[in-house]
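Working notes for the structure below.
The values are calculated or read from the model by the stated rules, or taken from the named source; none is laboratory data. Quick caveat, the model's predicted, so the values are computed rather than measured. Glycine gets a Cβ as well: all are built from the backbone with ideal geometry, and neighbour counts include every protein chain shown. To get the accessible areas, we keep the full protein, side chains included, count just its heavy atoms, and leave off ligands, DNA and RNA. Shrake-Rupley method; radii C 1.70, N 1.55, O 1.52, S 1.80 Å.
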Amino acid sequence: MRIGELAERAGTTTRTLRYYESRGLLTARRTGNGYRAYGEEELRLVKQIRLLQDFGFELEDTRPFVECLQAGHQAGDACPASLEVYRRKLAELDDCLARLGAVRAQVAGQLARAELEVASARAEPRCELSMASIQEGE
């Protein structure tokens, strides 16, 4: 298949495919007239890259998965290097979740404080005497 068809089937753009090629993640065969030609294996590689990027992996993090597929494994995560990338990503996500949890706790504390202030302001008696009511009371 040509680059346009690969892009369409993989749900990406030809520009992205050329970028993957420039980064050494994708290799195209060349036809007699110089056009790039790809097969089902390249489609599989691009789908693996796109899936990992959808999960938040950096492009370079996809390299072990691509190499694992290129080595003939059925899944890109069947190799030790891919598993290590998963471990690093999970540690990164755990750290992010911990930081988000701390921020959430701070925001919840600020909300609780603000709600108490608003509630106490409503509960305070207000003196709403006007000059007319004062004069009437004389």
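Taking the condition open to solvent by less than 60 Å² (accessible area, probe 1.4 Å), over 23 Å from the mean Cα position of the chain (by Cα) and modelled with pLDDT under 95, does Ala108 pass? No, not satisfied. Candidates in the range 31-71 are the residues that are in contact with a Ser or Thr (Cβ under 8 Å, 6 or more places away or on another chain) and buried (at least 17 other Cβ atoms within 10 Å of the Cβ); of these, the one that is nearest to Leu90 (Cα to Cα) is Leu52. Taking the conditions (1) open to solvent by 90 Å² or more (accessible area, probe 1.4 Å); (2) at pLDDT 95 or above in turn, Leu17 satisfies each one other than (1).
Considering only residues in the range 1-14 that are outside any helix (DSSP H, G or I) and under 30 Å from Tyr86 (Cβ atoms), the one that is most open to solvent (accessible area, probe 1.4 Å) turns out to be Thr13. For the range 21-59, a residue qualifies if it is in a helix (DSSP H, G or I) and closer than 20 Å to Gly72 by Cβ, and the qualifying residues are Glu40, Glu41, Glu42, Leu43, Arg44, Leu45, Val46, Lys47, Gln48, Ile49, Leu51, Leu52.
Residue by residue, here is whether (1) of a type outside the set (S, T, N, Q); (2) modelled with pLDDT under 95; (3) over 30 Å from Glu41 (Cα atoms); (4) surrounded by 10 or more Cβ atoms within 10 Å (Cβ to Cβ) holds:
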| position | (1), (2), (3), (4) |
| --- | --- |
| Val85 | yes, no, no, yes |
| Glu128 | yes, yes, yes, no |
| Ser133 | no, yes, yes, no |
| Glu138 | yes, yes, yes, no |
